[in-house]
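Let me begin by presenting the structure, written as structure tokens, before commenting on it.
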Amino acid sequence: MKLRSLPSIAIAVAVIAGSSACSSTGPAVPSTRSTAALSGSITVFAAASLTGTFTVLATKFEAKHRGTTVELSFAGSADLVTQITNGAPADVFASADTKNMTKLTDANLVEGKPVNFATNVLEIAVPPGNPASIATFADLAKPGVRTVVCAPQVPCGSATIAVEQASGVSLAPVSEESAVTDVLGKVSSGEADAGLVYVTDIKAAGSKVTGITFPESSAAVNTYPIATLTGSANVALAKAFIDYVTGAIGQEEFAAAGFGKP
Amino acid sequence: MDIRRSSTIPRWVIVVAVVGAVFVLFPLVAMTTRVDWPNFLVLITSPSSVAALLLSLRTSLAATAACVVLGVPLALMLARTEFRGQRLVRALVLLPLVLPPVIGGIALLAAFGRRGLLGQTFDFFGVTIAFSTTAVVIAQTFVALPFLVLSLESSLRLAGTRYEAVAATLGARPTTVLRRITLPLIFPALLSGAVLSFARALGEFGATLTFAGSLQGVTRTLPLEIYLQRETDPDAAVALSLVLVLVAVLVVGLTLRTSTVPSLVRRGTS
Amino acid sequence: MSLAIQARVAERGFDVSLEVAEGETLAILGPNGAGKSTLLDIVAGLLRPDAGRGEWAGTPLFDIGGRHSLWLPPHRRGISLLAQEPLLFPHLSALDNVAFGPRSAGHSKDAARATARTWLAEVEAADLESSRPGTLSGGQAQRVAVARALAASPKLLLLDEPLSALDVTVASTLRRMLRRVLATRTAIVVTHEVLDALTFADRVVVMNGGAIIEQGPTREVLERPRHPFTAELAGLNLLTGTGSAAGLVTSGGLTIVGESVGAGVKAAAAVRPSAIAVHAVPPDADNVVRVTVSDLEPRGDSIRVRTESSAAGGSLHADVSPGRAAALDLAPGAELYFAFAASEVSIYPR
């Protein structure tokens, strides 16, 4: 997919890409008016929780717009913000929360306004078989139940606190992890009886953990914004990718992964 | 810089050596430029920081003690006995040295975790290791033990067995030989090995994160606290990093001092 | 016999059977690699032979290869080892080094130190008691090492070339001291110095290639060597052959005139190098041997002339003064005549 050499090849590819785009059908067609003009590559910095969906979407996007390359870099949103403010060459930033995106808009590093493209809520993760018989959010506070949560400093942790405050249930976790994967690790290994992570995390973990939804989760809905960055050298491609992510195909992919609508 | 140089060492070696030294030191010095000095004291004396530092010191000391208790016999067995598969045992014991700590954490879970091979046994005796300070000490001991064993074994081999043989012919039982001859002879190596283990335990992150969890005052050691603070309060993370660097410098300095003490292993003849 | 050892170490080609009487000092002579240190290590319990038995006054030390294997560890043998290097424990004072044995035997610190002081005085090193080993000279350290070995009150004392690391003057003082302390003890001294054997030992054993090649009372072995190696150690020329009416006939057909031990008996003749006169032309003497110079070697105020003689069936050497050497224009390859009187030859059965 990486063709950065002779301009003639790039032109040829662009022509082929254009013709293939013309022949393709589907609901995404209206959002790709500028298809024939798209070329080159962009780098997308995305929150780690978007790893699965963004990898699929980037591949589909590249297939649709032949001759374009989407480089993906996944990490915690805060880490990515640090990298961007330190001058990392990114064209698009997709954050797992609005707070980290705000850091970039405040620093005037965002082109235009960020667009919200997905939401995520907490869910209870239990080991297969649910050994501690967890059914409700209040069960997590029962004595003897070992609950693992995210530390307040990270997004899933602040969401946990919001849910606790809204529901009046106060948890006594045995561990406050700094990453979702660490919470899931403790639950899937059976060290913990339950963990609080996002719906999408539980979906992605497959059969290693079982998810239990709870109504109190609506107290903390996490919104994912995406934006083009000011330093981008290929604003057209960046905008096209954002359109694709926020468009019908993107939304279909997010729904399948457990994300909610913005 | 005035460097006295043996004439057999080419000049370019010194040039590269200086580059190497700068390579190690420069990032650490650079870090100090990022420290929010006016708020430094406030940052490092927050309750969570103090709790993490105290926990780190406490667990690292305990891990060092465990390393000495387990490591001295291990080093003795490797240096003073011969048995089939000894090379393999040595390689395995030193494995934590080269393993990514996360893998160490996963292995410890498999052994001592609630659903690990020994977890049931511990549960039976009412001991739960998961999410306890004990788990932190276990993780630290696991990664730090090779440092002590390595340091002791080479020192034991260097010291040789001749003093021990003489002591035995003078009527000293093996335990007496160990206590009055072997251990005093390798004491400097024991000390520096213990200090190295302490330093490694202090810096332990991956295995602790995976195996012990992260809870203030219980399992959240200084490296875990730094990692977490980075999310929201990078200033605090940098300040705490500097504290850890200072502790490490102190520890390494201590080792250097002990190794410049006139060597006890010097020959009896003059 | 008080100590009886019989041991085999296949890897080193070592196979020795040895006895030492109570109160006797035995010297073991031999070149490097002869197996002398191996023998001491086996007796001390530091090396396990492949097979063999050892006992002290009827009490077994080890029994390997039999039905019931037995191995007494070194600390239960009561056998002290004094090595070439003093090996004083570097972290203990001279006094505590010497007190180590008594301490290990269960004596109190004070009692052990009192014993140690007695032994330091015995080896004339009382003034060194608070010194650290690192500050002692080689001779001082070896003195303290002797005291340390004796303070453990061993039944048997093993000395492995105790003087070879010391310079000549220091060695001679220490040799006198050792002669005194070994006089009444059972001991085995490994050495490559004939002087040590003469000074300490009642009996010598000569080892080569992991085996005992010769043994007997010190004087007898050194004056009437049966083996070329022993002769070399004793500084004698050795000619071997068969007894005849005139004295001895070598395998090369050369007749050595001397006292007869009877015709047909396997016999050896010993001649001191200094008793041999060297000539460029055949002189008139009881014994004249034609030789070819193989090597010249300065030895203090004389020159040792090493030669080969096919008639004598081996090598012969003689000592000449530098002046005489110059007059004879000696050089390797030169043909000479060795002459010696019948009265200078010692002929004995082999």
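The values are calculated or read from the model by the stated rules, or taken from the named source; none is laboratory data. Since this is a predicted model, take the numbers as computed values, not measurements. With ideal geometry, Cβ positions are generated from the backbone for all residues, glycine too; neighbour counts draw on all protein chains shown.
Yes/no matrix, rows are residues, columns are (1) at pLDDT 95 or above; (2) within 14 Å of another protein chain (Cβ to nearest Cβ); (3) in contact with a Phe, Trp or Tyr (Cβ under 8 Å, 6 or more places away or on another chain):
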site	(1), (2), (3)
A:Leu38	no, no, no
A:Thr68	no, no, yes
A:Ser73	no, no, yes
A:Thr85	no, yes, no
A:Ala94	yes, no, yes
Pick from the stretch C:99-122, criterion of a type in the set (A, V, I, L, M) and crowded, with 24+ Cβ neighbours inside 10 Å, ranking: farthest from the other protein chains (Cβ to nearest Cβ): C:Leu120
Tally, over the stretch B:206-223, of residues that are within 7 Å of another protein chain (Cβ to nearest Cβ) and either of a type in the set (S, T, N, Q) or over 15 Å from B:Val143 (Cα atoms) (or both): 5
Residue count for the stretch A:165-203, restricted to those that are out of contact with any strand residue (DSSP E or B) (no Cβ under 9 Å at 6 or more places or on another chain) and either over 24 Å from B:Leu224 (Cβ atoms) or of a type in the set (D, E, K, R) (or both): 5
Strands (runs of 3 or more DSSP E) fully within the stretch C:239-325 counting 1 or more residues that are at negative phi and touching a residue at least 60 places away in the same chain (Cβ under 8 Å): C:247-250, C:255-257, C:266-271, C:277-279, C:314-320
Matching residues in the stretch C:20-46 - criterion: being hydroxyl-bearing (Ser, Thr, Tyr) and assigned to a helix (DSSP H, G or I): C:Ser37, C:Thr38
Residue in the stretch A:155-189 that is nearest to B:Arg115 (Cα to Cα), counting only those that are buried (at least 24 other Cβ atoms within 10 Å of the Cβ) and aliphatic (A, V, I, L, M): A:Val187
Inter-residue pairs, beta-carbon under 9 Å, first touching a residue at least 40 places away in the same chain (Cβ under 8 Å) and facing chain B (nearest Cβ under 10 Å) and in the stretch C:35-47, second small (Gly, Ala, Ser) and surrounded by fewer than 22 Cβ atoms within 10 Å (Cβ to Cβ), 6+ apart: C:Ala44/B:Ala165
Matching residues, the stretch C:175-201, being crowded, with 18+ Cβ neighbours inside 10 Å and not in a helix (DSSP H, G or I): C:Thr186, C:Ala187, C:Ile188, C:Val189, C:Val190, C:Thr191, C:Ala201
Scan of the stretch C:212-229 for residues that are under 17 Å from C:Asp202 (Cβ atoms), assigned to a helix (DSSP H, G or I) and not basic (Lys, Arg), ordered by number: C:Thr218, C:Glu220, C:Val221, C:Leu222, C:Glu223
Counted residues, the stretch B:173-189 - those being assigned to a helix (DSSP H, G or I) and surrounded by fewer than 21 Cβ atoms within 10 Å (Cβ to Cβ): 10
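Condition check ((1) farther than 19 Å from B:Leu215 by Cβ; (2) assigned to a helix (DSSP H, G or I)) across all residues:
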| position | (1), (2) |
| --- | --- |
| A:Gln153 | no, no |
| A:Glu164 | no, yes |
| A:Pro173 | no, no |
| A:Val183 | no, yes |
| A:Glu216 | yes, yes |
| A:Phe241 | yes, yes |
Failed item, numbered, when C:Asp96 is tested on (1) facing chain B (nearest Cβ under 9 Å); (2) modelled with pLDDT of 95 or more: (1)
Condition check for C:Glu129: over 22 Å from B:Thr182 (Cβ atoms), modelled with pLDDT of 90 or more and crowded, with 17+ Cβ neighbours inside 10 Å: yes
Residues located in the stretch B:173-200, provided they are under 30 Å from B:Leu244 (Cβ atoms), of a type in the set (A, V, I, L, M, F, W, C) and within 11 Å of chain C (Cβ to nearest Cβ): B:Ile186, B:Phe187
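Quick grid of which residues meet (1) farther than 24 Å from C:Ala183 by Cα; (2) surrounded by fewer than 21 Cβ atoms within 10 Å (Cβ to Cβ); (3) in the same structural domain as C:Ala149 (by TED's automatic domain parsing); (4) not charged (D, E, K, R):
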position: C:Val9; (1), (2), (3), (4): yes, no, yes, yes
position: C:Asp15; (1), (2), (3), (4): yes, yes, yes, no
position: C:Thr25; (1), (2), (3), (4): no, no, yes, yes
position: C:Gly30; (1), (2), (3), (4): no, no, yes, yes
position: C:Gly52; (1), (2), (3), (4): yes, no, yes, yes
position: C:Gly66; (1), (2), (3), (4): yes, yes, yes, yes
Total residues in the stretch C:81-139, condition of a type in the set (Phe, Trp, Tyr) and either in contact with an Asp or Glu (Cβ under 7 Å, 6 or more places away or on another chain) or not in a loop (DSSP other than H, G, I, E, B) (or both): 2
Failed item in (1) surrounded by fewer than 17 Cβ atoms within 10 Å (Cβ to Cβ); (2) within 17 Å of the chain's Cα centre (by Cα); (3) farther than 19 Å from B:Phe211 by Cα, with B:Leu148 passing the rest: (1)
Those residues of the stretch C:268-312 which are of a type in the set (A, V, I, L, M) and more than 13 Å from C:Ala341 (Cα to Cα), in sequence order: C:Ala268, C:Ala280, C:Val281, C:Val291, C:Val293, C:Leu296, C:Ile303, C:Val305, C:Ala311, C:Ala312
Residue match in the stretch C:62-69 (condition: on the phi > 0 side of the Ramachandran plot, of a type outside the set (A, V, I, L, M, F, W, C) and either within 13 Å of another protein chain (Cβ to nearest Cβ) or assigned to a strand (DSSP E or B) (or both)): no
Some residue of the stretch A:194-205 being of a type in the set (D, E, K, R), part of a loop (DSSP other than H, G, I, E, B) and in contact with a Gly (Cβ under 7 Å, 6 or more places away or on another chain): no
Test: residue in the stretch B:97-104 that is under 27 Å from B:Pro223 (Cβ atoms), within 14 Å of chain A (Cβ to nearest Cβ), in a helix (DSSP H, G or I) and of a type in the set (A, V, I, L, M): yes
Wholly within the stretch B:107-172, helices (runs of 4 or more DSSP H) carrying at least 1 residues that are in contact with an Asp or Glu (Cβ under 6 Å, 6 or more places away or on another chain) and within 14 Å of chain C (Cβ to nearest Cβ): none
Sole exception among (1) within 11 Å of another protein chain (Cβ to nearest Cβ); (2) closer than 14 Å to A:Phe214 by Cα for A:Thr160, by number: (1)
Residues within the stretch A:88-100 that are more than 21 Å from A:Pro262 (Cα to Cα) and either crowded, with 17+ Cβ neighbours inside 10 Å or touching a residue at least 60 places away in the same chain (Cβ under 8 Å) (or both), tallied: 3
Test result for A:Val145, among the aliphatic types (A, V, I, L, M), closer than 18 Å to B:Thr210 by Cβ and either at pLDDT below 95 or touching a Phe, Trp or Tyr at 6+ places or on another chain (Cβ under 8 Å) (or both): no
